[in-house]
1. If residue 48 satisfies every condition in (1) more than 16 Å from ligand 2 (Cβ to nearest atom); (2) part of a helix (DSSP H, G or I); (3) without any contact (Cβ under 8 Å) to a residue 40 or more places away in the chain; (4) aliphatic (A, V, I, L, M) but one, which is the exception?
2. Please work out which one of (1) open to solvent by 50 Å² or more (accessible area, probe 1.4 Å); (2) under 30 Å from residue 303 (Cα atoms); (3) within 16 Å of ligand 2 (Cβ to nearest atom); (4) not small (Gly, Ala, Ser) is the condition residue 107 fails and give its number.
3. Would you be able to say whether some residue in the range 271-289 is surrounded by fewer than 19 Cβ atoms within 10 Å (Cβ to Cβ), within 17 Å of the chain's Cα centre (by Cα) and not charged (D, E, K, R)?
4. When residue 53 is evaluated against the numbered criteria (1) over 20 Å from residue 239 (Cβ atoms); (2) out of contact with any Lys or Arg (no Cβ under 8 Å at 6 or more places or on another chain); (3) open to solvent by less than 10 Å² (accessible area, probe 1.4 Å), which criterion, by number, is the only one it fails?
5. Restricting attention to the range 301-310, does a residue exist that is of a type in the set (Phe, Trp, Tyr), within 14 Å of ligand 1 (Cβ to nearest atom) and at pLDDT 95 or above?
6. Name, by its number, the condition in (1) more than 16 Å from ligand 2 (Cβ to nearest atom); (2) open to solvent by 20 Å² or more (accessible area, probe 1.4 Å); (3) hydroxyl-bearing (Ser, Thr, Tyr) that does not hold for residue 95.
7. Restricting to the range 154-179, name every residue that is surrounded by 15 or more Cβ atoms within 10 Å (Cβ to Cβ) and either closer than 12 Å to residue 131 by Cβ or charged (D, E, K, R) (or both).
8. Before we move on, is residue 74 farther than 22 Å from residue 357 by Cα, more than 10 Å from ligand 1 (Cβ to nearest atom) and open to solvent by 20 Å² or more (accessible area, probe 1.4 Å)?
Amino acid sequence: MTNTANVSPSLTIVADENIPGLETWFADLGSITRVPGRNLTRAQLAQADILLVRSVTRVDRALLEGTPVRFVGSCTIGTDHLDTAWLEQQGISWSAAPGCNANSVVEYVFCVLAALDVDWRGRSFGIVGCGNVGGSLQRKLHALNVRCKIYDPWLTDNPDAADLESVLQQDVVCLHAPLVKDGAHPSHHMIDQKALAAIKPGAVLISAGRGAVIDNAALLSLLEESHPFTCVLDVWENEPDISLDLLDRVDLGSPHIAGYSHDGKLAGTRMIREAVSEALSLPSAPSANSESPARQPVTTGKRDFAAIRALLLAIYDPRADDQRLRAAAEQARTGKQSMAVAFDLLRKQYPKRLEFSHYNNDAPQLDTVTRKQLAILGLK
Ligand SMILES: NC(=O)c1ccc[n+]([C@@H]2O[C@H](COP(=O)([O-])OP(=O)(O)OC[C@H]3O[C@@H](n4cnc5c(N)ncnc54)[C@H](O)[C@@H]3O)[C@@H](O)[C@H]2O)c1
Ligand SMILES: O=C(O)[C@H](O)[C@H](O)COP(=O)(O)O
């Protein structure tokens, strides 16, 4: 990282208004203009040196051609909204924030299972896509002595590697693949009618990668015919204008917030600041306040899995997100607000969600094994 502390750059930064921590991480670089990311236009970038986006902005030739933008940073893990080939061809530096909110997604998965009262300790897991999110989930499951199989075409030597069909036949199937439309292993509609049919009756399907990894029309027709497995969707095709019929039929739905822990969002902003410093030889990122606030106690009088469940849900209960999304759908049905606007608003106004590490397990009656299992999940 370059340390050019004497230089005081005066850059023009255009940023999605939903990126937190901009003041902390970018104010020293110049002026920041906050814009709604969904409708960003080329005209708004006429003076911009740096563009900071989230997943809702398509960054390509149509947006950037003829603008002075030299660096594009996406404070997200996913990169499917960036035309990286075009950016590279134009010599425009870019970066996403790999892994920034992976832990948030893993915690979401365990909280979803807690909300459904599914004791994961006696189940087998199938993980599709085993990068930062899937890999972290796999490591936690191993530590908990839970069996899992993974499908990731780029990780064939992973000890749990299996073909897609056997992965889909596990008790809990977690989708964490990126959206890839071309190349050797495209994931677009990878979970089609045939793949959906491979999921066991009574299983749980959790989709928290990108919506279009599942063929949503095929999923809807399956769920209209019968309800063979429990279906949990955080990500949808055609966000933000998601299918209300599909929402009606899933067991838990949320507006693409699995990665929305406060920690995950701030990590994304910080990582992009580090990347811009590196790419444009700018001063190092300002040092953040390293003092961590006192952990908040969570408690329960229960024991064993009931206690694990109660403690996790005291921290984050995905049923609240589900209820808010269904209330928004009701408004859309009655014509009060379009689903697309409501979906984006839920994301913009998302409550501050802290990861498990901000809490401490204050249930003294718990036995050592339960305590250890909670610690593996990140609640000590
Ligand atoms: N719901 C949310 O809030 C949320 C939050 C974070 C990330 N995501 C999504 O989850 C995706 C995964 O995140 P990550 O941090 O693990 O990314 P990552 O890049 O670290 O890992 C992705 C993994 O998927 C594998 N993969 C690629 N094509 C595949 C295919 N066709 N089938 C199966 N696996 C495939 C890759 O080999 C890689 O190991 C991101 O790309 C993003 O789209 C969603
Ligand atoms: O790719 C990611 O990091 C996540 O999907 C992220 O949580 C998306 O959030 P958004 O950028 O849409 O606000």
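The values are calculated or read from the model by the stated rules, or taken from the named source; none is laboratory data. On a predicted model such as this, the values are computed, not experimentally measured, just so you know. Methodologically, a virtual Cβ is constructed for each residue, glycine included, from the backbone with ideal geometry; neighbour enumeration extends over all protein chains shown. When the accessible area is computed, the model is the full protein with side chains, heavy atoms only, and any ligands, DNA or RNA have been set aside. Shrake-Rupley method; radii C 1.70, N 1.55, O 1.52, S 1.80 Å.
1. Residue 48 satisfies all of (1) more than 16 Å from ligand 2 (Cβ to nearest atom); (2) part of a helix (DSSP H, G or I); (3) without any contact (Cβ under 8 Å) to a residue 40 or more places away in the chain; (4) aliphatic (A, V, I, L, M) except (2).
2. With (1) open to solvent by 50 Å² or more (accessible area, probe 1.4 Å); (2) under 30 Å from residue 303 (Cα atoms); (3) within 16 Å of ligand 2 (Cβ to nearest atom); (4) not small (Gly, Ala, Ser) applied to residue 107, the lone miss is (1).
3. Looking for residues that are surrounded by fewer than 19 Cβ atoms within 10 Å (Cβ to Cβ), within 17 Å of the chain's Cα centre (by Cα) and not charged (D, E, K, R), one finds none in the range 271-289, hence no.
4. (1) is the only condition that residue 53 fails.
5. Checked the range 301-310: no residue is of a type in the set (Phe, Trp, Tyr), within 14 Å of ligand 1 (Cβ to nearest atom) and at pLDDT 95 or above.
6. (1) is the only condition that residue 95 fails.
7. First pass over the range 154-179, keeping only residues surrounded by 15 or more Cβ atoms within 10 Å (Cβ to Cβ): 155, 158, 160-162, 164, 167-179.
Result: 155, 158, 160, 171, 176, 177, 178.
8. Working: farther than 22 Å from residue 357 by Cα: yes; more than 10 Å from ligand 1 (Cβ to nearest atom): yes; open to solvent by 20 Å² or more (accessible area, probe 1.4 Å): no.
The answer is no for residue 74.
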